[in-house]
1. Among the numbered conditions (1) under 17 Å from Ala7 (Cβ atoms); (2) open to solvent by less than 100 Å² (accessible area, probe 1.4 Å); (3) not polar (S, T, N, Q), tell me where Glu22 comes up short.
2. (1) in a helix (DSSP H, G or I); (2) in contact (Cβ under 8 Å) with a residue 12 or more places away in the chain; (3) open to solvent by 60 Å² or more (accessible area, probe 1.4 Å): which one isn't true of His33, the others all being true?
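The values are calculated or read from the model by the stated rules, or taken from the named source; none is laboratory data. Every value quoted in this text rests on a predicted model; they were computed, and no experiment measured them. We place every Cβ from the backbone using ideal geometry, glycine too, and count neighbours over all the protein chains shown. Surface accessibility is based on the protein's heavy atoms, side chains included, excluding ligands, DNA and RNA. Shrake-Rupley method; radii C 1.70, N 1.55, O 1.52, S 1.80 Å.
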Amino acid sequence: EIPCPFANIGCTVRVLARDLPEHVGCLESTNSHLLLAMNRMMEYQKVIKSMNGKISTLEDDSISLKRLFAGHKTQTDKEHNDVTNKLTYLSKKVNNMESSSRKEFQKIKHDQEKHMK
């Protein structure tokens, strides 16, 4: 016995190889195979519809996430620039203070040497 060539869509008939043409060719089997094929197509349509809905949802989520990411990136870039500018400003202030302190220390050292003489 061999399985019907339509077994993959639900035909459970097993026939002798010599009887296969009769099984496949008879009107009753043809109608049965057609119904099985139609039922399978309807199952596939449901699956495809469900998958299309999921794909649509994923596409919408992707667009939302891209927009959210772009907004965060813009905000992060702005914050980075603000921090960089503040760091530059503070570095200049520290350099000016160091320069001023050196001058003051030199003046104090000079005054001390002057008083020591």
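1. Failed condition: (2).
2. (3)
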